1. Simple spin-label model, 7 Å along Cα-to-Cβ: Asn256 to Lys172 in nm?
2. Would you work out the charge dipole size for the range 268-375 about its Cα centre, treating the Cβ of every Lys and Arg as +1 and the Cβ of every Asp and Glu as -1, and quote it to the nearest 20 debye?
3. So which aspartates and glutamates pass the test for Lys517, namely a Cα distance under 18 Å, with those fewer than 8 places away in the same chain ruled out?
4. Read phi for every residue in the range 144-150 and hand back ³J(HN,Hα) as whole Hz from Karplus 6.51 cos²θ - 1.76 cosθ + 1.60, θ = phi - 60°, with x for Gly and Pro.
5. Using amide H atoms built in the peptide plane, which far-off residues or other-chain residues are under 5 Å from Ser142 H to H?
6. Would you list Arg75, Arg536 from the most to the least accessible area, probe 1.4 Å?
7. Starting at 0 and stepping by 5 Å, how many percent of the alpha carbon pairs of the range 339-395 end up in each bin?
8. Grab the Cα-Cα distance for Thr577 and Ser197, subtract it from 0.36 nm times how many residues apart they are, and report the gain in nm with one decimal.
Amino acid sequence: MNIANFKYIIAFCLLVLYNTSGSSQTAKELSDSTLSIDEVVVTGRLMFQEVIPSQKLSGEQLRRLSSHSIADAMRYFSGIQLKDYGGVGGVKTVNIRSMGSHHLGIYYDGIELGNAQNGQIDLGQFSLDNVEEISLYNGQKSGIFQTASDYGNAGSVYIRTRIPRFKDGEKKHFRIKLKTASSDLYSFSSVYEQRISNKVNASLLASALTSSGKYKFRYRRINIDGTTAWDTTATRQNGDIHAERIEANIYGRTTNGKWNAKAYLYNSQRGIPGAIVNNVWRRGERQGDLNTFIQAAWQKSFSERFSSRLMAKYAYYRTHYINRDTTILPVDNRYYQQEVYITTSNVYEILPSWSASLSYDLRWNKLNASTFGFAYPTRLSNLVSLATALDMWRIKMQASLLGSFINDWTKKNNIFTDDEEKSSKRHNSLSTLTPALFVNVYPFRSHVFSIRAFIKKSFRMPTFNDLYYTDLGNSRLKPESAIQYDFGFVVNKNYQSGLIRHFGAQVDGYYNTVHDKIIAYPKGQQFRWTMLNLGRVHIKGIDAQIETDLQPMKNLTITGRLQYTYQDARDVTNPSTPYYRDQIPYVPYNSGSAIIGINYKQWTANYSFIYAGDRYFGQENIIYNHIEPWYTSDVTLSYQGRWQRADWRITLEVNNLLSQDYDVIVNYPMPKRNYGLSVEIMF
């Protein structure tokens, strides 16, 4: 093998590792490891290059944030709306650009997290202790070597966990972290990494968390005339949580390929504190979750032009919901979800500047429940995607077409009917095509500045609850569809010397429309609610982000990140309604965040700020439904040292520094000023 071919093989492997969801290197590490063959990387395999950059939080940036979960960290992305019901154990979901959480795909080490029952992924269940990078893509991940489901979402979040890395002579690593915080929070996590052979590594994560969930809050309500309706200081109740998490991973390399496998288990028992209404401070609702899944991935390059990937997953979720409220009938329901997922992705380089991919996904979902008259739905989804990427001088383009073929079956037992009608079966099917086009233009040879744009159609299927929930679901619902238009630019420049070492900025303007939006609508003499396709939303917005790295002196570095979002999201469903063309609930016109980090020798300080402007919690934009703006300031200070063969770090955090009283969701008060202290040991 000559040296030229050897360089191309090295470049190929590095690009695979960098651009796939299971990448084992950060962008900085990749650039460091390819300095001697920069020209080869630039002209290397097009099929692994992204057309549109993403927003990322990785490495030290994540460790500096005083965040308990992935949802907390995602508050610092522009265009994201977070629903947080308060406290450590409160449910936390996100959506992108006001299109709803159902249009956002969440990928954990390359495979999508699913919840066919209600479509909600509670990101509070995933810890940051072993996460190496979180990436947010608007539209879709623009590299074409991906699964078919990646092309079906309006946006995607990719969570990449840490892959073990060993220096020469190292065989194992061990990291332990202990934390205590307000609300009687105590957490423990440990990560063990083992080198099995030169080509096989493994890791094991175990963590536990407990908290009473109690915190002081002040709750005020102002009348329309400006007088105070009530002003109460109390302690949040029934927000306790006890959770355990275990995750095992194994990673291997083969000739021109790699593979990995993962097993995950999350078990929790928590109280659901409920809304603060009618002077009710304590609720009787509780929920238990047991979420488990196993997944595996295999990837191989059969030649310099053709690569293939195969992934599979089995998931089992059990939810136990209890309501002991004495004012209503007691509830004790159990729900059981199963999912089987198999996907294959194949990419071929037709010409040095032109490549194409073909992907196929098979997903099977089933939901059982202990409730009376349940539909027992089963869903079989077949997704096929065809994509192509083209690199013409200073223009990069990507086009894709996704075909979705979905079939639902239900089996409902009707014990009050004749014998021959005791069991009724129903079959629904859907097929649709969703195209997308992405363009990135570099006007200058240096590639420091680029202009980007995309147009995409996407959809989301109704969930099992939307379709089949007892006395509520509507089996004739059509899927929600969305059309996205985006235009923006990116500036990215690195400097070898001087005060400024890195400067980056990106600004995007967008216009989205959501059609056939699924809403709950009162119908019938007894005001029973049913699900209908009535909604239509038009969304206009701007996302902006600026980041910089400064080095005033040898041992001092300063990093800054500033993000701003403007959104005008109007309900245009029905001109006869009083809320026609009003801002949709919980979407602020203006929001943003800022992060400033300072590193000096072994000391690290971080300040983070989040702001959400005026919002409305009801459909009508009237004074009664208005929610005041809120903001929080969080501060962390850490010191890292070394003792014998162990590195250690101690971190002090103060959250909501100014002790502001605020709600993310109305009647769900958030904690006032709270504190945390953690110790981490690595050896």
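The values are calculated or read from the model by the stated rules, or taken from the named source; none is laboratory data. This structure is a prediction, so every number in the text was calculated from the model and none was measured. In this analysis, Cβ positions are derived from the backbone assuming ideal geometry, glycine residues included, and neighbour counts consider all displayed protein chains. Surface areas here come from the heavy atoms of the whole protein model, side chains and all, with no ligands, DNA or RNA. Shrake-Rupley method; radii C 1.70, N 1.55, O 1.52, S 1.80 Å.
1. 3.7 nm
2. Dipole of the range 268-375, to the nearest 20 debye: 280 debye.
3. The qualifying aspartates and glutamates are Asp466, Glu480, Asp568, Asp571, Asp582, Glu620.
4. 7, 8, 8, 6, 5, 5, 4
5. Sorted by chain and number, the residues that satisfy this are Val51, Ile52.
6. So, going from the largest accessible area down, we get Arg536, Arg75.
7. That works out to 5, 14, 17, 12, 11, 9, 9, 7, 6, 4, 3, 2, 1, in percent per bin.
8. 130.1 nm
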